[in-house]
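Beneath this line is the structure, given in structure tokens, with notes to follow.
The values are calculated or read from the model by the stated rules, or taken from the named source; none is laboratory data. Since the structure is predicted, the reported quantities are computational estimates derived from the model, not experimental observations. Because the Cβ atoms are built from the backbone with ideal geometry, glycine has one as well, and the counts that use them run over all protein chains shown.
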């Protein structure tokens, strides 16, 4: 009886110590979301371009501003495995004719 209690306790402790180390050795994949913007791609957009030219250079935006349909938002977020979150944002604003009037770029920063 005493041997079985010791065996059960020993196996429980061994399992506990083994499983506590799993958090650090488990694989955690990188998570990429949004529009990947290549280095320098934000600088290719110029005032006066039309929507088709912007879409050709950057692709379809991830979203548009819900209050202003003339504002395209390109957002890229990356959560590397066991590192800090990285985010980049590019907002392109068009006038009523669909011509670029403003470009706001927030380069990749760690959050």
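Results for (1) surrounded by fewer than 16 Cβ atoms within 10 Å (Cβ to Cβ); (2) within 17 Å of the chain's Cα centre (by Cα); (3) at pLDDT below 75, shown as yes or no for each residue.
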site	(1), (2), (3)
13	yes, no, yes
76	no, yes, no
95	yes, no, no
103	no, no, no
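For the range 31-64, the set of residues classified as under 21 Å from the mean Cα position of the chain (by Cα), within 20 Å of residue 95 (Cβ to Cβ) and not in a loop (DSSP other than H, G, I, E, B) consists of 42, 55, 57, 58, 63, 64, listed by residue number. Is it true that residue 30 is at pLDDT 80 or above and farther than 23 Å from residue 108 by Cβ? No, not satisfied.
Number of residues in the range 36-74 that are surrounded by 12 or more Cβ atoms within 10 Å (Cβ to Cβ), within 13 Å of residue 105 (Cα to Cα) and at pLDDT below 90: the value is 3.
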